[in-house]
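Each reported figure results from applying straightforward, stated rules to the coordinates on display, with no laboratory input. Fair warning: this is a prediction, and the values are worked out from it, not measured in the lab. Note: ideal-geometry Cβ built from the backbone for every residue, glycine included; neighbour counts use all protein chains shown.
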Amino acid sequence: MSQFEFGRAILGVGFVAYTVPMPKRPRDPNQLAKLIVDIAIGEVDDAASASKRTAKRKGRAGGLKGGKARAEHLTPEQRQDIAKLAARARWKKIALLAA
């Protein structure tokens with residue numbers, strides 16, 4: 001089984017990507033500088049950083065439960081294959097550091 005097939009078998013075929021639309025920033029350097037100053041002094045709320053915070057919070061929540069949920073759905077053979085790949089990667093890294 002190739003590495004690609006292994007990843008597909010574990011993770012599934014479809015991947016969903018969540019993107020947050022970035023707000024329009026002025027292209028003029030002077031207007032952009034003024035916007036940056038306004039954001040820094042708190043006169044204007046930065047929509048981009050607010051959307052990044054929201055995305056980060058959602059990602060963190062998913063990460064906390066993701067490993068346990070994934071492990072529950074894996075067979076013992078799949079968990080063993082994952083552990084072998086991880087061990088190989090660790091030993092490869094150690095070998096590179098020692099050289």
Tell me whether the range 70-87 contains one or more residues that are touching a residue at least 60 places away in the same chain (Cβ under 8 Å) and β-branched (Val, Ile, Thr). yes
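Taking the range 70-88 as the region of interest, how many residues are part of a helix (DSSP H, G or I) and surrounded by 10 or more Cβ atoms within 10 Å (Cβ to Cβ)?
Of all residues in the range 70-88, those part of a helix (DSSP H, G or I) come to 70-72, 76-88.
From what is left, the residues that are surrounded by 10 or more Cβ atoms within 10 Å (Cβ to Cβ) are 70-71, 78-88.
The qualifying residues number 13.
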